[in-house]
Amino acid sequence: MRTDVTEALFPTLVIGAGAWGTALAMALARNDHKVWLWGRNDAQRQAMREQRRNDEYLPGQVFPDSLDIVDDLQQALTQCKHVMISVPSHAFAEALSMLVQHLPAGVPVSWATKGLTPHTGAFLYDTARETLGDQHPLAVISGPSFAAEVARNLPTALTVASENDDFAVQLAQSLHGPTLRAYTSHDVLGVQVGGTVKNVLAIAAGISDGLGYGANARAALLTRGMAEILRLAAILGAQPETMFGLSGIGDLILTCTDDQSRNRQLGLAIGRGLSVDEAVRHVGKTVEGMHAAREVLLRAQKANIEMPIVEQVCKILFEGYDPRESVQALLCREQKAELSRP
């Protein structure tokens, strides 16, 4: 089975040499697959080629032998058998545009980016389908996973979601290894909902902890945040079971409770008194929850559903609200039953 997968999907070209793209490239290469990694920074590519590491994002983690750095993106696109994209959500559409003219029809495309397309609020799967047409099988990679831990070969579980069963199985098998379990899913929409909204909620959890509100408040935010995810998933037509899987509650728990999360780091900095701009500079890297917050709230408003935690995060990030006032606004909401009557 591994031979069939190798023939079908490799060499794989990974576009995006940040932490997550590099970690996934390493995970594939550890399974003896041929992998090419490309990033837009010439100096970074040269350093990675010479040092066999990506010390800017994953210091000290040595590349497997079958992982190579490529400079000629156009040539790599014409020769690869699979493209995996790992760029911030605001750069996702641009990455797709690089594929259109050079990627042969039929070559599958996957991505590990979580979020929505800026300004349109479209899920990335829809943006990919609109840009690439129906010429390429598509898949989403999601789940509770920090890049540094995948790079260090620590136990991790992921979900591969696709409307194409064969591609989902092939990609999951190519990732699956001694320390990485990969599951498949048909619920592309649900996997994207969970992976997007959890980043916004992690900012809220970080703010709460930064304010010193304690474990009780954090647990309440996670639980009521999960209710918001379920509400949005239901109105959009996603499967509720997905929200209780790796790409739903699994990713929510990870991102909201561990300080490796950039979204949580941003919230912590804001809760401890930094301005939003100062907090962004403090984190120093892309915070997907900031890009997703407005788009998620707009989707909720269009669907006429309540997402009060997401709403308060938006007010803090974009309207200058005091975090303590936002927490108070959540606490002062009208008392109601936790669950609706059947």
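Below, the figures for the structure above:
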item: Verdict on Ile207 being touching a Pro at 6+ places or on another chain (Cβ under 8 Å), part of a helix (DSSP H, G or I), open to solvent by less than 30 Å² (accessible area, probe 1.4 Å) and under 18 Å from Arg294 (Cα atoms); result: yes
item: Single match in Arg294, Arg272, Arg299 (criterion: touching a Cys at 6+ places or on another chain (Cβ under 8 Å) and among the basic types (Lys, Arg)); result: Arg294
item: Residue satisfying condition, being of a type in the set (Gly, Ala, Ser) and either in a loop (DSSP other than H, G, I, E, B) or open to solvent by less than 20 Å² (accessible area, probe 1.4 Å) (or both), within set Ala91, Ala76; result: Ala76
item: Within segment 182-235, tally of residues that are β-branched (Val, Ile, Thr), within 26 Å of Thr127 (Cα to Cα) and more than 17 Å from the chain's Cα centre (by Cα); result: 1
item: Criterion: over 23 Å from the mean Cα position of the chain (by Cα) and farther than 25 Å from Val140 by Cβ - qualifying residue of Ala8, Ala43, Ala76; result: Ala43
item: Selection within segment 259-272 - touching a residue at least 60 places away in the same chain (Cβ under 8 Å) and open to solvent by 50 Å² or more (accessible area, probe 1.4 Å); result: Gln260, Arg272
item: Residue check, Gly39 in contact with a helix residue (DSSP H, G or I) (Cβ under 9 Å, 6 or more places away or on another chain) and farther than 19 Å from Leu180 by Cβ; result: yes
item: Check on Ala220, out of contact with any helix residue (DSSP H, G or I) (no Cβ under 7 Å at 6 or more places or on another chain), of a type in the set (A, V, I, L, M) and either open to solvent by 10 Å² or more (accessible area, probe 1.4 Å) or closer than 27 Å to Gln239 by Cβ (or both); result: yes
item: Subset tally (residues that are open to solvent by less than 10 Å² (accessible area, probe 1.4 Å) and of a type in the set (S, T, N, Q)) for segment 21-60; result: 2
item: Any hit, segment 53-61, residues being assigned to a strand (DSSP E or B), in contact (Cβ under 8 Å) with a residue 60 or more places away in the chain, in contact with a Phe, Trp or Tyr (Cβ under 7 Å, 6 or more places away or on another chain) and in the same structural domain as Arg181 (by the TED database); result: no
item: Residue count, segment 278-319 (criterion: in a loop (DSSP other than H, G, I, E, B), more than 18 Å from the chain's Cα centre (by Cα) and either crowded, with 24+ Cβ neighbours inside 10 Å or not acidic (Asp, Glu) (or both)); result: 3
item: All positions within segment 94-123 that are closer than 17 Å to His82 by Cβ and open to solvent by less than 20 Å² (accessible area, probe 1.4 Å); result: Ala95, Leu96, Leu99, Leu103, Val107, Pro108, Val109, Ser110, Trp111, Ala112, Thr113
item: Residues satisfying the stated conditions in segment 20-74, i.e. within 14 Å of Val87 (Cβ to Cβ) and touching a Lys or Arg at 6+ places or on another chain (Cβ under 8 Å); result: Trp38, Gly39
item: Hey, Ala227 modelled with pLDDT under 95, part of a helix (DSSP H, G or I), closer than 20 Å to Ile305 by Cα and not basic (Lys, Arg) or not; result: no
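Residue by residue, here is whether (1) in contact with a His (Cβ under 7 Å, 6 or more places away or on another chain); (2) open to solvent by less than 10 Å² (accessible area, probe 1.4 Å); (3) among the β-branched types (Val, Ile, Thr); (4) free of Cβ contacts under 8 Å to residues at least 60 places away in the same chain holds:
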{"residue": "Ile141", "(1), (2), (3), (4)": "no, yes, yes, no"}
{"residue": "Arg152", "(1), (2), (3), (4)": "no, no, no, no"}
{"residue": "Thr156", "(1), (2), (3), (4)": "no, no, yes, yes"}
{"residue": "Thr159", "(1), (2), (3), (4)": "no, no, yes, no"}
{"residue": "Asp165", "(1), (2), (3), (4)": "no, no, no, yes"}
{"residue": "Leu175", "(1), (2), (3), (4)": "no, yes, no, no"}
{"residue": "His186", "(1), (2), (3), (4)": "no, no, no, yes"}
{"residue": "Val191", "(1), (2), (3), (4)": "no, yes, yes, yes"}
{"residue": "Asn199", "(1), (2), (3), (4)": "no, yes, no, no"}
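The values are calculated or read from the model by the stated rules, or taken from the named source; none is laboratory data. These figures come from a predicted structure and were not determined experimentally. Neighbour counts run over all protein chains shown; Cβ positions are idealised from the backbone, glycine included. Areas reflect the complete protein model, heavy atoms only, side chains present, ligands, DNA and RNA absent. Shrake-Rupley method; radii C 1.70, N 1.55, O 1.52, S 1.80 Å.
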